[in-house]
Every structure is written in C-alpha cells, then in structure tokens.
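Below: one structure in structure tokens.
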Number of protein chains: 2
Amino acid sequence: MTEKKAGFPAAVGSRRNEDYAEWYQQVIKAADLAENSPVKGCMFIKPWGYGIWEKIQQKLDRIIKKTGHRNAYFPLFIPLSFLAKEAEHVEGFAKECAVVTHHRLEKNEKGELVPAGELEQPYVVRPTSEMIIGYAFSKWISSYRDLPLLINQWANVVRWEMRTRLFLRTSEFLWQEGHTAHATEPEAREEALKMLGVYADFAERMLALPVVKGEKSALERFPGAVNTYCIEALMQDKKALQAGTSHFLGQNFSRSCEIKFNDQSGKEAWAWTTSWGVSTRLIGGLIMAHSDDDGLVLPPNIAPAQIVLIPVVHQEENKAQVLGYLRLLKAKLEKVPYLDGHLEVELDERDLSGPEKKWEWIKKGIPLRLEIGPRDLASGLLGLNQRHLPHKETLKMTEEELVQRAPQILQAMQEALFSKAKAFLDQNTVKIGSKEEFYRFFTPKNPHKPEIHGGLAEVFFSLDENIEAKLKADLGVTLRCLPLEKEKTEGVCFFTGKKGAKKALFAKAY
Amino acid sequence: MTEKKAGFPAAVGSRRNEDYAEWYQQVIKAADLAENSPVKGCMFIKPWGYGIWEKIQQKLDRIIKKTGHRNAYFPLFIPLSFLAKEAEHVEGFAKECAVVTHHRLEKNEKGELVPAGELEQPYVVRPTSEMIIGYAFSKWISSYRDLPLLINQWANVVRWEMRTRLFLRTSEFLWQEGHTAHATEPEAREEALKMLGVYADFAERMLALPVVKGEKSALERFPGAVNTYCIEALMQDKKALQAGTSHFLGQNFSRSCEIKFNDQSGKEAWAWTTSWGVSTRLIGGLIMAHSDDDGLVLPPNIAPAQIVLIPVVHQEENKAQVLGYLRLLKAKLEKVPYLDGHLEVELDERDLSGPEKKWEWIKKGIPLRLEIGPRDLASGLLGLNQRHLPHKETLKMTEEELVQRAPQILQAMQEALFSKAKAFLDQNTVKIGSKEEFYRFFTPKNPHKPEIHGGLAEVFFSLDENIEAKLKADLGVTLRCLPLEKEKTEGVCFFTGKKGAKKALFAKAY
C-alpha cells in the first residue's frame, strides 16, 4: 500500500486531488480510525477514532450542561404506533427504519435458528427520539413550572442507509440529541438558535472547522420541523457537509405527543419544542477538512493525545537509557496544564523501527512528535515536529523550553488549521450572477475525469421548489442554507427574475 | 403519596421492613431516578438517575484505561449466523433476543404502517458482543505482536426479559463490556481475575458496596465461558445481587470466531479471550444497599452532586440577600478540590417552600444539605445536615470551616456507609451446618406475610448440580459463588456427605 517518496514511504496511497473519495478511505485506514463491518452499513470504530469521539463528547457535553441541559436516557425502541403519530415525521423516516418484529430465536425443523415470538406491535429502532422523548415529556410536564424542560441524550441511532461511507453516512451512528420544551414560541426559537450557535462555536474552536450558520429550505427540512437550522462546512473537494442541525418544532410534536401544560393563568396550552443534534459525522468532517496526502491531521483541541514520544535507538545498549528518559519526560509533560486538563502524551515503546513508528504517528495525525535518541540526550536538545508543517521542519529546544512552550505551540497550530480552513471556505464561497455561470460553476471541465470543482455558490434565490429540484437533478446541487445574517440583504433571483429574494448558498454535498 | 410524620411529610410511602419490593419502587420514584416506559421492559432514566450512571462511567472508565484498555465501538446488530457459531452461547441467549427482520415501513391497503423490506438474514440486537467483537478481533489479530488486545465498549444491550424491575432487570440496559485476547492461558486468566478485582475495588470504594469475590458454578456460568467470576453484594432484604462478572473464555470464542495468531515460533495458535461487564444494575444495588425509609442515600463518591444549598426565606425582602450569598457560597465550594475534581453543588432557587425543597433533596439522597435563611447570615453560622444521620442533627459551622471540612465530612460519610453495609454483610453471612438448618435459614417464619429472612449461607458444597437445582426449586435459592480465598478451605458437604467439598455461598438473589 505504501510507496517511496523522497526516501520515505508515503503515508497514504492516494492523493487528494486525484481521487478524493479513495483518499478519504485511505486516510481512515492509515490512521486506524474505523473500518466497515459485516453488518450492513455499520462500522467498527477503532480506538484512535473512538478517542476522537470521546473528546467530542467530553467537550461538547460540558457546554451542553453549562447551557442548562441535563442528560437522560430513553428506550432504543419506539413503538410503531408512536412513530405513526406525526405524519411528516414518519414519512421522512419510513424508508430507513430497522424494525424489530420478534423477541426470541428458535430452531426450526431443519435445525436452523429462526426468529420466533412475534410481537403484537413491531418496534422501530430509533432513527431519532422525538416520539419517545415526546411521550416522556407529556408525562413529565403539567405546569408552566415544569418548563423549560432541557434534556440531552447521548445515544446510538439507526437509519438504514443504502449507500454508506465511514463516519459520513452509516446505518448506525452515535450522536447526541437535545430535546427541549418551552412555554412560549419566542423562547423555543431562541433555544434552537442558541444551540445552533453552540454547535458553530464548537466546530470552529474545537474542530478548527469554519462553518456557515443558516436555515434549510422546506425541501431539506427535518421531517416535522417548522424551521431547521444548520451549520455547513466546506470540505477540501469543495463539497459541503452538514455538520449539525437544530430544529424549531413549533407545536407539531407537542400536539402529536400531547405535551400540554397549564400556563400561569391556569389555561391549558401546547408546549413549544426543539431538537438538535450532532453525530460521529463530525469526525468525517474533521478528516476531510484538515488531512493531507500523508494522512490525518488532527486539531490539537480534539486529538486523543497531543504529543507522541518516539524512542529512536539503533543499539540495544542505549535502549534503557532512552526509554528511562522518555518515561520521565512523559510524566513531566502530563503535568502541564492544557485546555481544561493536562497534556496527553503517548510513548511508543513498541518493538518497531523509528521510521515505522514515525510514519504511523504522522498518519494518525498526532499534533506534536518527538523522535529522541541517545544523541539528543547528550546534546540536551530535543527535536519537535508539528504535524501541519513539513516533516523535516524540526524545532530544537531544551526540555525546559518544551514543557513551557508546548501549550502555546499547540494553540498556534489550532489557530493555523482554523485560518487555513477559513481561507479555503472564503475563497470558495463565490457570488454567482447568472444561471449560465451557476451551471458552469458546478460542471467539471473534464467530464471523463472530473477534477475538483465548485464550492459554495452564493445567489439570491426566490425559494422556488421546482427550480431547487431541477438543480438537484441537473447538477447534483442542493440548497445548503439561507445564511443567518445580521443585516438582511435581498436581491433579484436570476432563476425567476423575482425581486426581494433571499441570499442562499448552493453546493454539492455529502 | 406522602403522609405526615412528626410534622413532616414522610419521604417514602413504604417501609423497608414491611414491603421491600414496594419500598424499592417508591425510593426510585421519590428520588426521580427512573420510570417505566411504554416500551416493554425498558425504562426512562431521568436526569438524577442518569447522573449516577455518568459518575459510574466517568470513574470506572478512568480505571479501565489505567489498566491498559482502550475504548472502541462495535455494531448494535449481530448477524444471526454469527450468534449461531457458538452453540452454548446462542442457547443461553436465544430466549431473550430482539430480532430485526425488516428495514423499512410501508402503508398496507388499509393505510396502516407495516414492516417491509424483509432482510435476507435477520439481525439480533446485541445481548452482549462476544460474537461481533470476536469477528473484529479475528481481523485485527495476526501475530503475537498484536496481543494482548485490550478493548472496552460502553453501550446499550437488549435482553428481552419477561419480568423486569427498574435498574435491576430491564430489557434494554446500559453497560460496559471489556473484551480481551491474549497469547497464553495464564495471561488471560490473570486478566479475568484482575478485572474482577477492579470491579470489587470500584464497588467498595465508590459505591460503598461491600462484595464477595467468587466463582460461579457451572449452572450459573456465562453461556460459553470456561470460568465465570463474579462479585456478589447483599441487599437490605438479605437477598444477594450479582453486581459484576468477569469471564475466562478459554479458546471457546476464539475457535468459533477464528481468532488465530502466529506465535513467536511462527506457529499458528488460537488466542485466549476474556470478557467482563458491569451495568446500570449497579444503580439498583446502590439504592437497595444504602437507602432508608426517607428515600435514597447516596455515597458521596458517586453522588451526581455532593451538596445542596437551600434558601429558606419567608419574606420577599430577604430573598435577594440570601440568594446573593448562596450564589457566592456555591462558587466558593465549587473551587474546593474533592476526589479527582471539585465539589459539585446544587443551589435550589425554585419557587417552592423550604420544607418542600428539603424533603425533595432528602429523598434524592444528596449527601450534604444546607438550609440557609437571613438569621444564619446574621449569626455567621451555617447549619449542615448529613443524609445518613438523623435529619435534626445539624452541625453548625462558619463558612470557612465548611469550606475546609466538607471534603473530610464527605469522606467520613463514605466510610460510614461502607462500614454499615459491611457489618450487615458480615452479620448476614452465616455458616450453616446441616440440611435442616439450611432449609430453616431460607424459610420465612410467617409464610402468609413473609418477613425479611435469609442471607448468605456459607456451606461446604460438593458441586452436585441436581442438589443445586433442587435447592432452587424448593427454596428459590441459588449458589451465588465459590468465594475466592487466599487459603483454600475444604470440608464435608452435608448434602452428599462427600469430603473435600469447597466453600460455597447460597442465597436468594435478584
């Protein structure tokens, strides 16, 4: 799989600009993040990949709690009759539901194991939990005093996808889903937008992933929602990725789940609800936004570990000395405060050659790498490499300097990754002035071997659903969002000639 | 539901010694931990209950990682054919499997939603993950260099139970399951026993739950295991609770999952595997071991918060002053180091009366309670109540003393709860010398209104399965474990008269 490049094996077999889809698979494989499983569309998330998810959970959970939400847990199964209560909702998910119909296994006459004990009513494995959490809310809420009710759940969900891709679209995925109920419409709207802001901040500060906050068109809305807000990011192949959504559900779900309360005047009213979620898909976005032809590049704020120490020892007699030193160094570094904890350090003691280990860690995207041998110990200068810079650009510093400077170096790397991604987003957000230009923007020059093209096309759009559908059919392009802007700008839609059209972003997307 | 008791509403409607099962339900309800859901045998875990689970996760996860394990995630669904590979294993779980047979919903002629898209091969919702993780291991392991492979998963699992009870036995539950593969038998045995030790320590230090470490008899073994080790705790109704298990699986699963490796001499060999888990059942054990007729009692080390501040204000004009003070006090307390973090403090600002709040927090089992009004501010002395002591036993101290002493007070409470439970376990572990005594020990004096009776019966037992089955049929008593002891003691089995019988503990159990 590996090939020679300037004396080193190249980390990833494919190049981004040659075959982006293949490059993505290779990065995941080379970094040992995840792999396909024998269960249709489901993946094995391996320790390094799961480590990223744990970081996301840890950091996002803290923010979700700080904004007043509490975690709870609800059943994996949803009675079919519950799902059926909200017509749009069930229609949106009916095509991708895993259905449990039996509750035991039995041997048939041939001695084969077959499902037995048919259920009176089938259960659907939750594709999302509005209907079961809505039921719980209907029991828990009776007075305005019970509101707002601000709940979050970390869970697995299942949507039976036909075409899957590791992290980006899998039949089972891990996520958090917030569900809230409020006494008034403005409060619920504010909540939906607040959590959108939380997601945008989180993506930008933690994942170094610049995003556009916006609202979905009716065609792209969550089934049953009044408004769906989203954050959209741009990948290096200029396709957009929906990285998180927040829904204002109006009273649709409170009516179908009967979430009623007595308001301050004693009158019965329907609650106003929201829901919002991000998933393991974020890891896909992270991979595609920052990685390069040598493999994964991890923003320090979300890396499972920030530093790897690699002993480089050619002679057996030096081994004990170098390892002894590195164990002490590891302990020192692990006491250095970093973000809301301390530096996390890997010491690679495996019985492999220095270059083998080095390339493995480059491919894994660990932010800082120290390769240390007897000569470094003698000189008192350690060589530090940063993952986002050329591999030969080594910073030499004393141990003391390293301990002192590591957090700043990591912070600078975090900012550099964000700035680079932000510049890419800005450069590839293009104002488009005519239909011809729009079609040209989204058409590869060489249809036989399509090159990376497109980006986010910014237009004024009169929200004509027929045109939206035609653009999807013609170009594979969807309306990503109507950006939320401080000052509303309106213009003429060049598709329809209508005035007062809103600003919209179109793109090919994952 | 509440009744008057010495001028206060009693926290829990039932008394432990009158109707233990009902008392258990009432404690859960009064503490707002969880409730039954409309999904058969599945529960809603409410925020205070889930908060306990989060603490268990957080603390146990740290230990699991420190002992060299890494987290990963595997599919929820297991192909039926995988499960069928290990005969004993599938037999053990066949009666309680939720089976997914379809992957979408469709409207039938009557307009009703029905399952559609039948799967070629059904999937079982994981009751445990040996077979799917075993498959992954077979791909990941090829050389002795890949061993040991030490993996843990935090996940939901489903076992279709007919008789369920909140936390103790539910169709879906949350757990962690460790799965490891080793090159040698002694190493795998050591791992299984090491993790049993981790569980025992965790139960005793964190949950204040004294346990007996032991081995299960063949009848009670995990389906497919060579040895099943367990920790057993004793509840206040003198029934035992299996609180965690660790299995030495030999080569049974590596053979059925084909987990092979080349050993150092280049020969192909089967790996030796283990698995081990604890679940939300621990919360049931926690509740039953420590709580009283006023509701839940939480050991400080596992409480979602250790301190509640309750403003007691009768006149509106004092409200701002008291609340202002308590907000500052909360901030100060939250800076006090406690265990591996800081004190966690609840400030109850809700618009309820002081006594209402007080009783709610007693029922919730929060370790320390401060009720504070304008007079306390004036005197400079704060009144501290400890959940495990009589409610009127108030410690008066200055703010400075509180900040200084709170961690020690909590630690003393943790120890007091453990000592009390340990004394109870010791008192109720009874050496039994004859069959008649054995039957008497497990028979209530009043069969019409059975009182709490029994305990752990310690006997020498020759491991006769017919007798084991008969004791279960006659008395509802099972062999909880053969205790692991430093020095092996053997004796005569009074059931069979055989010599060289091992020490065994029998009990009624959950």
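Can you work out which of the residues in the range B:315-367 that are touching a residue at least 60 places away in the same chain (Cβ under 8 Å), closer than 30 Å to B:Gln26 by Cβ and basic (Lys, Arg) is nearest to the other protein chains (Cβ to nearest Cβ)? First the steps, then the outcome.
First pass over the range B:315-367, keeping only residues touching a residue at least 60 places away in the same chain (Cβ under 8 Å): B:329, B:332-333, B:336-338, B:340, B:343, B:355, B:359, B:362-367.
Checking the rest, the ones that are also closer than 30 Å to B:Gln26 by Cβ come to B:343, B:355, B:359, B:362-367.
After this cut, where a residue has to be basic (Lys, Arg) as well, the list is B:363-364.
Values: B:Lys363: 17, B:Lys364: 13 Å.
Result: B:Lys364.
Which residue is nearest to the other protein chains (Cβ to nearest Cβ), if the candidates are limited to the range A:36-77 and must be in contact with a Leu (Cβ under 7 Å, 6 or more places away or on another chain) and small (Gly, Ala, Ser)?
My answer is A:Gly49.
Of all strands (runs of 3 or more DSSP E) completely enclosed by the range A:340-455, which ones contain at least 2 residues that are among the aliphatic types (A, V, I, L, M), under 28 Å from A:Gly324 (Cβ atoms) and open to solvent by less than 70 Å² (accessible area, probe 1.4 Å)?
Working: elements: A:345-347, A:368-372, A:382-386, A:394-397, A:429-431.
The strands (runs of 3 or more DSSP E) meeting that bar are A:345-347, A:368-372, A:382-386, A:394-397.
Moving on to the next point. Has the range A:154-163 got at least one residue that is touching a residue at least 40 places away in the same chain (Cβ under 8 Å) and more than 25 Å from A:Val100 (Cβ to Cβ)?
Among the residues of the range A:154-163, not one is touching a residue at least 40 places away in the same chain (Cβ under 8 Å) and more than 25 Å from A:Val100 (Cβ to Cβ), which makes the answer no.
For A:Ile259, all conditions in the list (1) in contact with a strand residue (DSSP E or B) (Cβ under 8 Å, 6 or more places away or on another chain); (2) open to solvent by 10 Å² or more (accessible area, probe 1.4 Å) hold save one; what is the number of the exception?
Of everything listed in (1) in contact with a strand residue (DSSP E or B) (Cβ under 8 Å, 6 or more places away or on another chain); (2) open to solvent by 10 Å² or more (accessible area, probe 1.4 Å), A:Ile259 misses just condition (2).
Picking from B:Pro9, B:Pro38, which residue would you name as being at pLDDT below 95 and open to solvent by 20 Å² or more (accessible area, probe 1.4 Å)?
Working: B:Pro38 fails: at pLDDT below 95.
B:Pro9 is the lone residue from the list that is at pLDDT below 95 and open to solvent by 20 Å² or more (accessible area, probe 1.4 Å).
Among (1) touching a Pro at 6+ places or on another chain (Cβ under 7 Å); (2) facing chain A (nearest Cβ under 10 Å), where does B:His89 come up short?
(2)
Just the residues that are assigned to a loop (DSSP other than H, G, I, E, B) and under 19 Å from B:Leu389 (Cβ atoms), please, taken from the range B:257-295. Outline the logic, then answer.
Taking the range B:257-295 as the starting set, the residues that turn out to be assigned to a loop (DSSP other than H, G, I, E, B) are B:258-259, B:263-267, B:271, B:280, B:291, B:293-294.
Answer for the range B:257-295, where residues must be assigned to a loop (DSSP other than H, G, I, E, B) and under 19 Å from B:Leu389 (Cβ atoms): B:Ser291, B:Asp293, B:Asp294.
Name every residue in the range A:279-328 that is among the hydroxyl-bearing types (Ser, Thr, Tyr) and buried (at least 20 other Cβ atoms within 10 Å of the Cβ), in order of residue number.
Filtering the range A:279-328 for residues among the hydroxyl-bearing types (Ser, Thr, Tyr) gives A:279-280, A:291, A:325.
Selection gives A:Ser279, A:Thr280, A:Ser291.
Among the residues of the range A:103-134, count how many are within 20 Å of B:Cys97 (Cα to Cα) and facing another protein chain (nearest Cβ under 9 Å).
16
Shifting gears a bit: Looking only at the range A:296-314, decide whether some residue is assigned to a loop (DSSP other than H, G, I, E, B) and without any contact (Cβ under 8 Å) to a residue 60 or more places away in the chain. Steps first, please.
Within the range A:296-314, the first condition is being assigned to a loop (DSSP other than H, G, I, E, B), and the residues that meet it are A:296-299, A:303-306, A:312-314.
Keeping just the survivors that are without any contact (Cβ under 8 Å) to a residue 60 or more places away in the chain gives A:314.
Yes: one or more hits.
Consider A:Ala94 carefully, then state whether it is surrounded by fewer than 23 Cβ atoms within 10 Å (Cβ to Cβ), hydrophobic (A, V, I, L, M, F, W, C) and facing chain B (nearest Cβ under 7 Å). Walk me through it before giving the result.
Working: surrounded by fewer than 23 Cβ atoms within 10 Å (Cβ to Cβ): yes; hydrophobic (A, V, I, L, M, F, W, C): yes; facing chain B (nearest Cβ under 7 Å): yes.
Considered against the rule, which asks whether it is surrounded by fewer than 23 Cβ atoms within 10 Å (Cβ to Cβ), hydrophobic (A, V, I, L, M, F, W, C) and facing chain B (nearest Cβ under 7 Å), A:Ala94 comes out as yes.
Residue-wise test of (1) under 25 Å from A:Glu349 (Cβ atoms); (2) surrounded by fewer than 24 Cβ atoms within 10 Å (Cβ to Cβ).
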site	(1), (2)
B:Leu149	yes, yes
B:Val158	no, no
B:Met162	no, yes
B:Ser171	no, no
B:Leu174	no, yes
B:Ala183	yes, yes
B:Pro186	yes, yes
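Mind checking whether some residue in the range B:167-174 is assigned to a loop (DSSP other than H, G, I, E, B), polar (S, T, N, Q) and within 13 Å of another protein chain (Cβ to nearest Cβ)? Give the derivation first.
Applying the first criterion (assigned to a loop (DSSP other than H, G, I, E, B)) to the range B:167-174 yields B:167-168, B:170-171.
Keeping just the survivors that are polar (S, T, N, Q) gives B:170-171.
If we keep only those that are within 13 Å of another protein chain (Cβ to nearest Cβ) as well, we get B:170-171.
The answer is yes, given that some residue of the range B:167-174 is assigned to a loop (DSSP other than H, G, I, E, B), polar (S, T, N, Q) and within 13 Å of another protein chain (Cβ to nearest Cβ).
For the range B:266-279, check the following and say yes or no: at least one residue is among the charged types (D, E, K, R), within 19 Å of the chain's Cα centre (by Cα) and modelled with pLDDT of 95 or more. If you could, list the steps in order and put the result at the bottom.
The initial filter retains those residues of the range B:266-279 that are among the charged types (D, E, K, R), namely B:267-268.
Narrowing the set further to residues that are within 19 Å of the chain's Cα centre (by Cα) leaves none.
No, that holds for no residue.
The values are calculated or read from the model by the stated rules, or taken from the named source; none is laboratory data. Note that the structure is a prediction, hence the values are computed from the model and not measured. No Cβ is skipped: glycine too gets one built from the backbone with ideal geometry, and neighbour counts run over all protein chains shown. Side chains are part of the model used for accessible areas, which takes the heavy atoms of the whole protein and leaves out ligands, DNA and RNA. Shrake-Rupley method; radii C 1.70, N 1.55, O 1.52, S 1.80 Å.
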